[in-house]
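Below you'll find the structure, written out as structure tokens, and then a few comments.
The values are calculated or read from the model by the stated rules, or taken from the named source; none is laboratory data. Keep in mind that what you see is a predicted model, and the values were worked out from it rather than measured. With ideal geometry, Cβ positions are generated from the backbone for all residues, glycine too; neighbour counts draw on all protein chains shown.
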Amino acid sequence: MRIGILQTGHAPDELLPITGDVAPHFERMLDGFGFDFATYSVVDMEFPDSITDCDGWLITGSKFGAYEDLDFIPPLETFIRDVYAADIPLVGICFGHQIIAQALGGKVEKFAGGWSVGRQTYNWNGETLALNAWHQDQVTERPADAQVYACSDFCENAALVYGNRVFTTQPHPEYGPEFIGGLVEYRGPGIVPDEQLATARATLNEPLDNPRLAAQIAKFFKERVLA
């Protein structure tokens, strides 16, 4: 099964020689599940020729907001709607979670409660999962077809499922301590409150449930179910 990774942002320049860019993190996350991958840097206007070029699609995180006036966002929203109409499995992470919701009729905005960075815990359909987060924007209004799959006290719409077509998550199952630590050092200062950055640094090496969510994403791509 070929998964098309739609890359909507780039890693900080300081992290590129250490962890690589955004898309390879997803390839490592889903290694061992029998997928092969094609990456399209849609943030640089590199789009697939057709929604059928791959068997499933995954939209990455980004430093941009889904509501920003950027050249790549309108064609990406059209691509999302076409994939959804064609019943091709689609997964979105962080910005991917948000842009899918926006494209399908939801609302994304800067959250009045501020930032969520570093290790967080979520009610994941009855389980408690610890995952890394890095966002201020949130899905504040769900599309009509979306159901809440996971939440936290801070993030009401932490994961959404749209029938057997789309699964999206606000937290990052692809990022471990090295990348999040890099965001803390290179992207956070002056933007994220210092106390939140300090807490993120202090919890970098605490355990995460990334493998659990990776398996769930793989199952969704292959079987269109989560449980």
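Just to confirm my filter: which helices (runs of 4 or more DSSP H) fall fully inside the stretch 164-226 and include at least 2 residues that are over 21 Å from residue 15 (Cα atoms) and either of a type in the set (Phe, Trp, Tyr) or modelled with pLDDT under 95 (or both)?
By residue number, 210-223.
Taking the options 32, 61, 105, name whichever one is modelled with pLDDT of 95 or more, out of contact with any strand residue (DSSP E or B) (no Cβ under 7 Å at 6 or more places or on another chain) and closer than 26 Å to residue 211 by Cα.
32
I need a count of the residues in the stretch 139-163 that are among the aromatic types (Phe, Trp, Tyr) and assigned to a loop (DSSP other than H, G, I, E, B).
Counting residues in the stretch 139-163 that are among the aromatic types (Phe, Trp, Tyr) and assigned to a loop (DSSP other than H, G, I, E, B) gives 1.
Is it true that some residue in the stretch 134-142 is polar (S, T, N, Q) and within 27 Å of residue 176 (Cβ to Cβ)?
Scanning the stretch 134-142 turns up at least one residue that is polar (S, T, N, Q) and within 27 Å of residue 176 (Cβ to Cβ).
Just a yes or no: is a residue in the stretch 141-159 under 24 Å from residue 32 (Cβ atoms), polar (S, T, N, Q) and surrounded by fewer than 22 Cβ atoms within 10 Å (Cβ to Cβ)?
no
Give, as residue ranges, the strands (runs of 3 or more DSSP E) completely inside the stretch 1-73 that count at least 1 residues that are in contact with a His (Cβ under 9 Å, 6 or more places away or on another chain) and either among the aliphatic types (A, V, I, L, M) or closer than 15 Å to residue 83 by Cβ (or both).
Because the criterion is at least 1 residues that are in contact with a His (Cβ under 9 Å, 6 or more places away or on another chain) and either among the aliphatic types (A, V, I, L, M) or closer than 15 Å to residue 83 by Cβ (or both), the strands (runs of 3 or more DSSP E) in the stretch 1-73 that meet it are 56-59.
Taking the stated definitions as given, is residue 114 small (Gly, Ala, Ser) and either over 30 Å from residue 178 (Cβ atoms) or assigned to a loop (DSSP other than H, G, I, E, B) (or both)?
yes
For residue 88, indicate whether it is touching a Gly at 6+ places or on another chain (Cβ under 6 Å) and among the hydrophobic types (A, V, I, L, M, F, W, C).
It is false that residue 88 is touching a Gly at 6+ places or on another chain (Cβ under 6 Å) and among the hydrophobic types (A, V, I, L, M, F, W, C).
For residue 192, all conditions in the list (1) surrounded by fewer than 20 Cβ atoms within 10 Å (Cβ to Cβ); (2) farther than 28 Å from residue 35 by Cα; (3) among the β-branched types (Val, Ile, Thr) hold save one; what is the number of the exception?
(1)
So, in the stretch 61-83, of the ones that are free of Cβ contacts under 8 Å to residues at least 60 places away in the same chain and closer than 24 Å to residue 180 by Cβ, which residue ends up surrounded by the most Cβ atoms within 10 Å (Cβ to Cβ)?
62
In contact with an Asp or Glu (Cβ under 6 Å, 6 or more places away or on another chain), among the aliphatic types (A, V, I, L, M) and in contact (Cβ under 8 Å) with a residue 60 or more places away in the chain: does that describe residue 103?
no
Answer yes or no as to whether residue 46 is among the charged types (D, E, K, R) and either farther than 27 Å from residue 180 by Cβ or loosely packed, with under 15 Cβ neighbours inside 10 Å (or both).
yes
Which one is nearest to residue 155 (Cα to Cα), of the residues in the stretch 122-138 that are out of contact with any Leu (no Cβ under 7 Å at 6 or more places or on another chain) and in a strand (DSSP E or B)?
Checked the stretch 122-138; the qualifying residue nearest to residue 155 (Cα to Cα) is 138.
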